[in-house]
Amino acid sequence: MAIIVQKYGGTSVADTERIKAVAKRVIETRNGGHDVVVVLSAMAGETDKLIQLAHQVAKKPDPREQDVLLATGEQVTISLFSIAVKDMGHEAQSLLGHQARIYTDRSYGRARISEIRTEPIWHNLYKGCIPVIAGFQGLDERGNITTLGRGGSDTTAVAVAAALGADVCEIYTDVAGVYTTDPSMYHKARKLQRISYDEMLEMASMGAKVLHIRSVEFAKKYNVPVHVRSSFVDEPGTLVVKEEKSMEEVMVSGVAYSKSDARITLAGLPDVPGVAARIFTEVAKEGIVVDMIIQGSSGDTDLANLSFTVPRPDCQAAIQILERMKAEWKDLEITSDENIAKISIIGVGMRHHAGVASLMFQTLANENINIHMISTSEIKISCVIDDRQTAKAVQVLHEAFELEKPLHHEIPE
Ligand code: ADP
Ligand code: ASP
Ligand code: MG
């Protein structure tokens, strides 16, 4: 008898028909002799609607109250789901974040889970009752409701699986698994049978929203096998697992893109120690997270240039902070570009294959796609490009790295 955590995303519980279909699926797993713990998202589009509501009453909604509001989306689905399961003759109990004892830090809107006291979940399982937990929400040490950031129900599910020592955490979504790239962006995207935690972590942080980044961090840290699969069709999905030797045989396993950043460029900065420290300290004080950074000096002046990316919604706030520095740095010029995209190729095989970067740059050059910034990690190369060229870039990189072909180590389905 296995312990299985099943998480269903927004499209999987989008209406009452879908909720009933999912309830049947959960009951089937239970009838197979397994202990099932369910984690649910809000109905598709509901969290967006709640955010819009908050913005109708305030330009900058109070973060604490906004979290109280956003947490209601998941309250609707867990109760409806439990009602459906009971109507089908089985036992289920809905548990809000605080009832499931999911504790987080105090960062409203992007809280991190610190602890899960699993007694209420075990108590339900011992009784033969299916615990149905609200994803995306928790409780801080002072008893305030917090939310985990968009897509955070995945993290609830994996954290619950880790805390229970579950055999697997199944993430049910609207696609059949993790693909070589976003299947809604490129029709030749291919479902991967397996992907390593590290590759999935890079894919998620580079924009592949199929899994919330923190969920992959938890999975890796606690060694939770994650199975990403469809709630619409019954076929095996993708297993996110520890790295295997054969995974290194391929240069690149996936292409990810993100259109959620903006680029800020500062020209005419004094080329002296402490300038970068000063800029990023001020930006960080406002809670703005900086990603890619490039600094350069022209050599023949004592001025430097600095470009960096920030989340697009934070761009104007970052510029305001920097404007204040013009009082001190007379030559400072600030420009920004919100129409950028980040395109990344990811693969553990990169560690041992030469020529990956050159093939990426040449492929983009052949299509006249200009690269504005580059950053790399051991298993990833990212380029900032114009966002209108994203689809083209995804397609040509997918072709150049032959991602439509099954990988050497894959078994034909
Ligand atoms: P859910 O509501 O079930 O949590 P999400 O919308 O958060 O679902 O995530 C699933 C979506 O992620 C897919 O519909 C797909 O468009 C997108 N996606 C982006 N990159 C990938 C990828 N590499 N593989 C699969 N899906 C991806
Ligand atoms: N309902 C939340 C969101 O839309 C959490 C989730 O779906 O994972 O972001
Ligand atoms: Mg999601």
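Collect the residues in the stretch 25-54 that are closer than 25 Å to Ala162 by Cα and more than 16 Å from ligand 1 (Cβ to nearest atom), keeping them in residue-number order.
Scanning the stretch 25-54 gives Ile27, Glu28, Thr29, Arg30, Asn31, Gly32, Gly33, His34, Asp35, Val36, Val37.
To keep it simple, each residue is scored yes or no on (1) hydroxyl-bearing (Ser, Thr, Tyr); (2) under 24 Å from Thr156 (Cβ atoms).
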position: Ala176; (1), (2): no, yes
position: Thr181; (1), (2): yes, no
position: Tyr186; (1), (2): yes, no
position: Glu199; (1), (2): no, yes
position: Ala208; (1), (2): no, yes
position: Leu211; (1), (2): no, yes
position: Ser215; (1), (2): yes, yes
position: Tyr222; (1), (2): yes, yes
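Out of the stretch 23-63, which residues are without any contact (Cβ under 8 Å) to a residue 12 or more places away in the chain and assigned to a helix (DSSP H, G or I)? Spell out the reasoning first.
Going through the stretch 23-63, the residues without any contact (Cβ under 8 Å) to a residue 12 or more places away in the chain turn out to be 28, 31-32, 48-49, 52, 55-62.
Scanning the stretch 23-63 gives Glu28, Asn31, Asp48, Lys49, Gln52, His55, Gln56, Val57.
Need the failing condition index for Gly149 against (1) within 16 Å of ligand 2 (Cβ to nearest atom); (2) surrounded by fewer than 21 Cβ atoms within 10 Å (Cβ to Cβ); (3) over 12 Å from Arg110 (Cβ atoms), just the number.
Of the numbered conditions (1) within 16 Å of ligand 2 (Cβ to nearest atom); (2) surrounded by fewer than 21 Cβ atoms within 10 Å (Cβ to Cβ); (3) over 12 Å from Arg110 (Cβ atoms), the odd one out for Gly149 is (3).
Of the conditions (1) part of a helix (DSSP H, G or I); (2) without any contact (Cβ under 8 Å) to a residue 60 or more places away in the chain; (3) within 16 Å of ligand 2 (Cβ to nearest atom); (4) out of contact with any Pro (no Cβ under 9 Å at 6 or more places or on another chain), Thr77 satisfies every one except a single condition; which number is it?
So the condition that Thr77 fails would be (2).
Restricting the search to the stretch 1-41, which residues are of a type outside the set (Phe, Trp, Tyr), under 21 Å from Asp87 (Cβ atoms) and within 16 Å of ligand 3 (Cβ to nearest atom)? Break it down into steps so the answer makes sense when it comes.
Narrowing the stretch 1-41 to residues of a type outside the set (Phe, Trp, Tyr): 1-7, 9-41.
Those left that are additionally under 21 Å from Asp87 (Cβ atoms): 6, 12-32, 36-40.
Gln6, Ser12, Val13, Ala14, Arg18, Val22, Val38, Val39, Leu40, listed by residue number.
Just name the residue that is nearest to the chain's Cα centre (by Cα) out of those in the stretch 162-178 that are farther than 16 Å from Gly10 by Cα and either in a strand (DSSP E or B) or within 15 Å of ligand 3 (Cβ to nearest atom) (or both). Outline the logic, then answer.
Step one: filter the stretch 162-178 for residues farther than 16 Å from Gly10 by Cα, giving 162-169, 178.
Next cut, either in a strand (DSSP E or B) or within 15 Å of ligand 3 (Cβ to nearest atom) (or both) only: 168-169, 178.
Numbers: Val168: 19, Cys169: 16, Val178: 13 Å.
Here the answer is Val178.
Could you list, in sequence order, the residues of the stretch 364-382 that are of a type in the set (D, E, K, R) and closer than 11 Å to Ala393 by Cβ?
From the stretch 364-382, those of a type in the set (D, E, K, R) are 367, 378, 380; that's our starting set.
Passing the criteria: only Glu367.
Could you say whether any residue in the stretch 206-215 is assigned to a loop (DSSP other than H, G, I, E, B), over 21 Å from Met185 (Cβ atoms) and either more than 18 Å from the chain's Cα centre (by Cα) or in contact (Cβ under 8 Å) with a residue 40 or more places away in the chain (or both)? Explain how you work it out, then say what you get.
Keep residues of the stretch 206-215 that are assigned to a loop (DSSP other than H, G, I, E, B), which gives 206-212.
Then drop every residue that is not over 21 Å from Met185 (Cβ atoms), which leaves none.
No, the conditions are met nowhere in the stretch 206-215.
Confirm whether Cys129 is closer than 30 Å to Val252 by Cα and out of contact with any Phe, Trp or Tyr (no Cβ under 8 Å at 6 or more places or on another chain). Talk me through it step by step, then tell me what you get.
Numbers: closer than 30 Å to Val252 by Cα: no; out of contact with any Phe, Trp or Tyr (no Cβ under 8 Å at 6 or more places or on another chain): yes.
Criteria not met by Cys129.
Is there a residue in the stretch 328-345 that is over 23 Å from Val310 (Cα atoms), surrounded by 12 or more Cβ atoms within 10 Å (Cβ to Cβ) and not hydroxyl-bearing (Ser, Thr, Tyr)?
Looking through the stretch 328-345, none of the residues is over 23 Å from Val310 (Cα atoms), surrounded by 12 or more Cβ atoms within 10 Å (Cβ to Cβ) and not hydroxyl-bearing (Ser, Thr, Tyr).
The numbers here are math on the coordinates, done by the rules we state, and not lab data. Just so we're clear, the structure is a prediction, and the values are computed from it rather than from any experiment. In this analysis, Cβ positions are derived from the backbone assuming ideal geometry, glycine residues included, and neighbour counts consider all displayed protein chains.
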